[in-house]
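Participant: Structure in C-alpha cells, see below.
Laboratory data are not the source of any read-out in this text; all were calculated from the coordinates shown. The structure presented is a predicted model; accordingly, all values stated were derived computationally and were not measured. All Cβ positions, glycine included, derive from the backbone under ideal geometry; neighbour counts span all protein chains shown.
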Amino acid sequence: MNWRSILLFDFWFKFIGTSVLMSIFFTAYFFILKNPAYPVTVMSLTAVDDWVGFAPVALVPYLSLWIYCSLPVTLMPDRLRLVNFGFWIGAMSLLALSVFYYLPSAVPVAPIDWSQYPGVSFLKEVDAAGNACPSMHVAAAVYSSFWLYWLMADVRMGWRWQSFQIFWGLAIVYSTLATKQHVSLDVWAGIALGIVFAWGSRVFDLKLQSFRQVTH
C-alpha cells in the first residue's frame, strides 16, 4: 500500500477518533487549568530563555501543532496500529494532566505588551500561562515526529519529506519558547515525555507486527 492509498484508508475512523480524543483532552486540560489541586509554582528561567527572544511569527508553527499531530494518523496503514498509537498518546496525555493537576506550574510573566500583538494576545487569553511543565505542545510534537519518521520510512517517502517533517517538529518546539508560552525547563520535560512514550509505543507496535507475521 503506497502513501496515497493510506491517506484514504479508514478515513472516517481516523477523523472521528482524532476529534474525540482531542475534545476529551482539551476539556480536561482547561478544567485543570482553572482548578488545580494545589498552589501554582512559577517555573524558573534559564540562560536558554534569555537566548530565545519573543517572535510573533512563531505563532504560526505553534498553532500548526494540531495539523502536525494529525499526520501520523493519516499515514497509519491499519486500525490495530492506529489504536496502539492512540492508546500511548492518550496515556501520555493522562500522565501530563495528572502532573498539571497535582503539581501545577506556570511560566513567569513576560515584560511584553501583548496588546501590540493581537494574535499572540488571543492565545494568551485562551491558553493562560498555566499547565506549563511538562510542555504538552512539545511532548505531542516529539511523539508525532518519531511516528512520522517510522511511518514515512515504511512507505519510502524519502529524505526530503523526512527533513521537512523534522524541521516542522523543531519549529513547533522552538515556537513554545518564542511565543513565551513555555520556558526551557518545560521544553526539556516535554521532550523527555515525548521520547519515552514514542519508544514505548514503538516497541509495542513492533511486537504487534511480529505477532501478525507469525500467525499469518
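Participant: For the chain, modelled as a GNM with alpha-carbon contacts under 10 angstrom, which of Val73, Val142, Val48 fluctuates the most?
Facilitator: Of the options given, Val48 has the highest mean-square fluctuation.
Participant: Under 17 Å between alpha carbons, and skipping anything fewer than 8 positions from Lys180 in its own chain: which lysines qualify?
Facilitator: Reachable lysines: Lys124.
Participant: Separation between the Ala47 and Trp150 pseudo-spin-labels, each 7 Å from Cα along Cα→Cβ, expressed in nm?
Facilitator: 3.6
Participant: Starting from the amide H of Val42, placed 1.01 Å from N in the peptide plane, find each other amide H under 5 Å away whose residue is 5 or more places distant or on another chain.
Facilitator: Close amide H contacts, sequence-distant or interchain: Ala106.
Participant: Which residue, Ser175, Ser144, Ser121, has the most motion in a Gaussian network model of the chain that connects Cα atoms within less than 10 Å?
Facilitator: Looking only at Ser175, Ser144, Ser121, the biggest GNM fluctuation is shown by Ser121.
Participant: On to the next question. For a footprinting-style exposure proxy, rank Tyr38, Tyr149 by other Cβ within 10 Å, fewest first. Walk me through the numbers on the way to the answer.
Facilitator: Values: Tyr38 9, Tyr149 17.
Fewest to most other Cβ atoms nearby, the residues stand as Tyr38, Tyr149.
Participant: Choose one answer from Val83, Val183, Val107: the residue with the largest mean-square fluctuation in a GNM of the chain with alpha-carbon springs under 10 Å.
Facilitator: Residue with maximal mean-square fluctuation among Val83, Val183, Val107: Val83.
Participant: I need the Debye-formula profile for the chain: one equal scatterer per C-alpha, no solvent, reported as log10 I(q)/I(0) at q = 0.11 1/Å, two decimals.
Facilitator: Evaluating at q = 0.11 Å⁻¹ gives log10 I(q)/I(0) of -0.56.
Participant: Return the distance in nm (one decimal) between the two label points of a simple spin-label model at Ser163 and Ser19, each offset 7 Å from Cα along Cα→Cβ.
Facilitator: A separation of 3.7 nm, rounded to one decimal place.
Participant: Tell me, what HN-Hα J-couplings in whole Hz come from the Karplus equation 6.51 cos²θ - 1.76 cosθ + 1.60 at θ = phi - 60° for each residue of segment 198-206, using x for Gly and Pro?
Facilitator: Taking θ as phi minus 60°, the curve returns 5, 6, x, 5, 5, 4, 5, 5, 5 Hz for segment 198-206.
Participant: Tell me the net charge near Gln209. Cut-off is 15 Å between Cβ atoms, Gln209 excluded, with +1 for each Lys or Arg and -1 for each Asp or Glu.
Facilitator: For residues surrounding Gln209, the net value is +2.
Participant: Next up: Quick one: 3J(HN,Hα) in Hz for segment 172-184, Karplus 6.51/-1.76/1.60 with θ = phi - 60°, rounded, Gly and Pro as x.
Facilitator: After applying 6.51 cos²θ - 1.76 cosθ + 1.60, I find 5, 4, 4, 4, 5, 7, 6, 8, 6, 7, 9, 10, 4 Hz.
Participant: Further question on the same structure: Return the calculated 222 nm mean residue ellipticity for the chain, to the nearest 500 deg cm²/dmol, obtained by summing -39500 (n - 2.57) across DSSP H runs with n ≥ 4 and dividing by the residue count.
Facilitator: Details: 10 runs with 154 residues, N = 216.
The helix contribution divided over the chain gives -23500 deg cm²/dmol.
Participant: Moving on to the next point. Quick one: Karplus J couplings for segment 154-161, per residue in order, coefficients 6.51, -1.76, 1.60, θ = phi - 60°, nearest Hz, x for Gly and Pro?
Facilitator: My calculation for segment 154-161 gives 4, 9, 6, 7, x, 5, 5, 5 Hz in order.
Participant: Oh, and also: Taking K and R as +1 and D and E as -1, what net charge do the other residues with C-beta under 14 Å from the C-beta of Tyr174 add up to?
Facilitator: Details: positive: Lys180; negative: Asp49, Asp186.
Once all neighbours under 14 Å are counted, the net charge is -1.
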